[in-house]
1. Quick one: which of Lys110/Lys203; Lys166/Lys203; Lys52/Lys181; Lys110/Lys186; Lys145/Lys203 span more than 24 angstrom between C-alpha atoms?
2. Report the full-extension gain for the segment Ala51 to Glu144: residue separation times 0.36 nm, less the Cα-Cα distance, to one decimal in nm.
3. Just to be sure I understand the model, the point goes 7 Å from the Cα along the line to the Cβ. What's the resulting Asn183 to Thr118 distance in nm?
4. Can you give me the three principal axis dimensions of the range 94-148 from its C-alpha atoms, in Å, biggest first?
5. Using the count of nearby Cβ atoms within 10 Å as a rough guide to exposure, how do Glu199, Glu144 rank from fewest to most?
6. Please compute one quarter of the surface area of the Cα convex hull for the range 74-212 and express it in square nanometres.
7. Can you give the charge dipole size of the range 44-186 about its Cα centre, rounded to the nearest 20 debye, using +1 on the beta carbon of Lys and Arg and -1 on the beta carbon of Asp and Glu?
8. Could you give the size of the charge dipole of the range 152-212 about its Cα centre, using +1 on the Cβ of each K and R and -1 on the Cβ of each D and E, expressed in debye and rounded to the nearest 20?
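Please treat every number below as a calculation from the coordinates, not as lab data. On a predicted model such as this, the values are computed, not experimentally measured, just so you know. Using ideal geometry, Cβ is built from the backbone for each residue, glycine included, and neighbour counts are taken over all protein chains shown.
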Amino acid sequence: MIKPALFVLAILLTARVAVAQEPYGRYMVPPTPVTGLPPWIYKSDPKTDAAKVRAARLYVQAIEQVELARADLDAADTSKAGSDPMMKKAMQQKLTRANRRLASAREAFKRATELDATSADYWGMLGYTCCIVGDRDCAYSAYEKSLAINPNHYATREYQAEAYLKDGRIHDARAELEWLKSNGNKTTLETRNLTAAIERWTKENPEGVKMR
């Protein structure tokens, strides 16, 4: 039986999860939880329960920071600023704020994995934020741990493929895309996003496509 405090937390986290399930476009926030029981329901000793509930709180808070960072990154598109120095300054401030939020989210996801190393969601989002800030070694390591827990974690497979694109590994990214497609309607969102990312990469790197 779920304790009253955990039940309230479950309601709050469910409400926040609904936000994370919205389409997430260029800067992505994944649907969660992907599979299994919600992360706040456990059958273990109270100390372990408390750690895992804390991890769930950190995760949801970090998701919010990623969402806010995504909005700032979209608004900080310098190509829209033209030659207006005030506009450029405002966009630079948004970019700085986005980077600060991503760094904060990364630390929260890292702490969540320390409190509960059994969640593929936590590892996947740690990898995502590591990749966004340019730490691909951290990203690949986290993706590996996420997929070791759940090989069918669709969001992690998408994020890993986008990391491959950043490293010019177009064939590996396409292999992940084919894997996602093979899972049909369950991966529609991830397939759509990764297809768009591969198309952008191909247009921006025509020579890279020919060499690979």
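1. Table pairs above 24 Å Cα-Cα are Lys110/Lys203; Lys52/Lys181; Lys110/Lys186; Lys145/Lys203.
2. That pair, Ala51 and Glu144, stretches by 31.2 nm at full extension.
3. Result for the modelled spin labels: 2.1 nm.
4. Between the extreme Cα coordinates on each principal axis of the range 94-148 lie 35, 21, 12 Å.
5. Starting with the residue having the fewest Cβ neighbours, the order is Glu199, Glu144.
6. Result: a mean projected hull area of 9.6 nm².
7. Around 360 debye, computed over the range 44-186.
8. 120
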